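Since the structure comes first, as structure tokens, the remarks are kept for the end.
The values are calculated or read from the model by the stated rules, or taken from the named source; none is laboratory data. From a predicted model like this one, the values you see are computed outputs, not experimental measurements. Because the Cβ atoms are built from the backbone with ideal geometry, glycine has one as well, and the counts that use them run over all protein chains shown. Heads up: the accessible areas ignore ligands, DNA and RNA and are worked out on the full protein's heavy atoms, side chains in. Shrake-Rupley method; radii C 1.70, N 1.55, O 1.52, S 1.80 Å.
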Amino acid sequence: MLTKQIAKQNALEYLRAHDVGVVATIDTEGQPFVSPVYYAAGANFGIFFLTTSGTRKSQNIMNNERVAFSVGSGPEYIAVTIRGKAILAEGNEYDKGLALIKDKAENNSMLNWPIKRLDELKKHQLYLYKIEPKEVTFLNIDSSDEPESIADYLYELLP
């Protein structure tokens with residue numbers, strides 16, 4: 001079992017090593033909606049992602065800022081899950097978030113990164129959101145042995 005500090009460090013490294021996560025929003029009827037997003041992870045599990053104003057996820061966030069975000073992979077059964085609120089990044093947060101995303105895009109070979117099409121997307125009212133975490137969990141069953149209890153591998157990192 002990892003200490004909380006090591007689990008926190010491992011979870012941040014895991015987030016920074018991946019490019020795509022899933023954001024869950026809530027529509028005006030209270031129904032969940034999920035959408036994959038390219039993202040960059042900041043300090044303290046802050047997640048930044050770009051989208052245009054016309055997307056369903058953006059419209060949902062404008063009506064209800066509560067979101068969930070997850071990145072997971074197998075076969076190791078590793079996942080980071082964040083619950084919190086998504087806000088439009090402004091000022092210093094906007095600059096930090098955009099710099100993180102640009103840096104990640106420059107080191108990424110995918111041609112469809114939104115930041116690589118920034119000029120085209122600007123005409124569609126491009127938004128940079130920051131997910132401010134309220135709860136963060138890290139599941140790390142990086143083992144070929146089946147655990148007796150998943151609880152031994154699930155770390156509550158925030159609050």
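Observations on the structure shown:
- Answer residue from region 64-93, given it is outside any strand (DSSP E or B) and farther than 14 Å from Y129 by Cβ and is most open to solvent (accessible area, probe 1.4 Å) among those: Y77
- So K4, is it in contact with a Phe, Trp or Tyr (Cβ under 8 Å, 6 or more places away or on another chain) and exposed (fewer than 15 other Cβ atoms within 10 Å of the Cβ): yes
- Within region 30-63, the set of residues being more than 16 Å from the chain's Cα centre (by Cα) and open to solvent by 70 Å² or more (accessible area, probe 1.4 Å) comprises Q31, P32, R56, Q59, M62, N63.
- Every pair of residues 6+ apart whose Cβ atoms lie under 6 Å, when the first sits in region 114-136 and is open to solvent by 40 Å² or more (accessible area, probe 1.4 Å) while the second is modelled with pLDDT under 70 and not in a strand (DSSP E or B): none
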